[in-house]
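The values are calculated or read from the model by the stated rules, or taken from the named source; none is laboratory data. If you're wondering where the values come from, they're calculated on a predicted model, not measured in any experiment. Backbone-built Cβ (ideal geometry, glycine too); neighbour counts: all protein chains shown.
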């Protein structure tokens, strides 16, 4: 047990001293030619046996302590040492960790890739290096490494299955937050051919700074459980298949993801999926840019397929460098018209390209997909759940499961018909997470029928509804007027973050007019959309129960705003979308954006996959809820803002 050798070492000196004493007695007996005192020898031997027995028992105890995983006290740490030989691609550390654990790695040592005049040797970087690896060179573009953008030969790690877990760079030192439970593996960012000739090793010290959560002990992600809200009625409304532009049925919808647009994009990015290019022009540009930066190009575009009468909103791929043209895990994502607890449901059609075949529509060449399509569904499950951003997951069977069919190009596929459901962690402030342990009713709020303030259910509900009518009215009035968004720095809609750096540079060079025009148009669209929220908010108020009212009244300073987010976001998105689109058409935003993208190559390379309508609608909702939260806090904290006797009574005595 290499991790417990220090415990054995504490007992060894005593044993060695007894052994030395026994040897001296024997030597004295031989030199003097006399018999040593029998009792002394026997006593010495007995002492040695007792000490050796104690050593064995201590070893057993130490071994048991090492093998068992016990919760660490706050602030405590465990330490392990592991050697990673250059001849290995991966090494099992025998360390199992919980989700939310925190690890610290420190590595030393050298590895050498010796000179190699063969063709294989000339096509990769060689030399002696430490745990940070060799700097990437042109040769590395044609090799597959576990961490694509890390140095060749760098020390890397992963938690869990090689099939799904995202490898990460360790280097000479790193602190790492473990996303989900699993076995810690350490490795070298190299190919098997590199390992065959490598010399040397890295010595790694691993400190467990925080043992993580006992509740996050299931390897690979959360335990499967039924997701409330994924009902047979909802499943019946979601098409089983997508179609090509001609309307021919194609791939199967085999996964649903619940989360905001930002959360959905984040989970794919964290899991190592890349957003694919939308056009051949972007493909050429990005391939050149990635090559110049010595990165692997993995974003080759995919064809457009249709769901809800429109092409995919996003495309993602998980592929190996070089093989990306022939073989890759890939999927398309559409935002559905449906929502779960205020967050949209995204539909996913995932397939695994494994080669090429004849397109039966036109006798051309097309990608061949793996006919065992459920394997790709589980690849999505494994990679996304391994990020720690999935809080619930399940497999559901629709009433009309699709078990066998042909793609639009004629290739066959088969399935067990189940659909994967993934619910993402809700990172919005104050949002409850699926699986959170509910508080007891008597601790979540005062009893429903009475409380120490003497406020009745009817008075609380009436007072709260009046307060929310005031606050929503003020929020809508302040945002739904000219300059309501544009002149409010807290909610002003700016160019998307990924274009901000380029926009700043254009302004510095006196070329900021197109950027300004785009921002003005986006804010004007938001200002025209927000008045539609009034009727939706009033409808949500009518549906408010006594229990809702009490929880809001006695909740956080933005409890009512959170209630509206949960109950109204999906309906607001549906209501705002056509208004925002038409408004942007009317004021020329769409044209301005298209002109900006077409005239600015740097922006064009970054804008692939970006949906301007969705961005503006999302920012409009963010701004409206921000202002609503400000109004709510004002009523709660400022007596002067309670403009009626009912508001004064309810909020003054709560």
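Looking at residue 442 and the list (1) within 28 Å of residue 555 (Cβ to Cβ); (2) surrounded by 14 or more Cβ atoms within 10 Å (Cβ to Cβ); (3) at pLDDT below 85, which single condition is not satisfied?
(2)
Is there a residue being closer than 16 Å to residue 167 by Cα and not in a strand (DSSP E or B) anywhere in region 101-118?
No.
For region 159-184, name all the residues that are surrounded by fewer than 22 Cβ atoms within 10 Å (Cβ to Cβ) and under 20 Å from residue 212 (Cα atoms).
Passing the criteria: 161, 166, 167, 168, 174, 175, 176, 177, 183.
Can you find, within region 199-239, the residue that is nearest to residue 79 (Cα to Cα) among those that are part of a helix (DSSP H, G or I) and in contact with a strand residue (DSSP E or B) (Cβ under 8 Å, 6 or more places away or on another chain)?
Among those residues, the one meeting the criterion is 216.
With respect to residue 465, is the statement that it is surrounded by fewer than 18 Cβ atoms within 10 Å (Cβ to Cβ), assigned by TED's automatic domain parsing to the domain that holds residue 521, modelled with pLDDT under 90 and farther than 18 Å from residue 522 by Cα true?
In short, yes.
Mind checking whether some residue in region 73-80 is in a strand (DSSP E or B), closer than 16 Å to residue 197 by Cβ and modelled with pLDDT of 95 or more?
No, that holds for no residue.
What number of residues within region 382-415 satisfy the criterion of being closer than 19 Å to residue 242 by Cβ and touching a strand residue (DSSP E or B) at 6+ places or on another chain (Cβ under 9 Å)?
Qualifying residue count for the region: 17.
Among the residues that make up region 211-222, is at least one of them over 26 Å from the mean Cα position of the chain (by Cα) and either modelled with pLDDT under 90 or not assigned by TED's automatic domain parsing to the domain that holds residue 166 (or both)?
No, that holds for no residue.
Out of (1) more than 21 Å from residue 401 (Cβ to Cβ); (2) in contact with a helix residue (DSSP H, G or I) (Cβ under 9 Å, 6 or more places away or on another chain), what's the single condition that is false for residue 187?
(2)
Mind listing whichever residues of region 155-172 are more than 18 Å from residue 144 (Cα to Cα) and in a strand (DSSP E or B)?
The one that is more than 18 Å from residue 144 (Cα to Cα) and in a strand (DSSP E or B): 159.
Tell me, which residue of region 306-332 that is assigned to a loop (DSSP other than H, G, I, E, B) and modelled with pLDDT of 90 or more is surrounded by the most Cβ atoms within 10 Å (Cβ to Cβ)?
Residue satisfying both the conditions and the ranking: 312.
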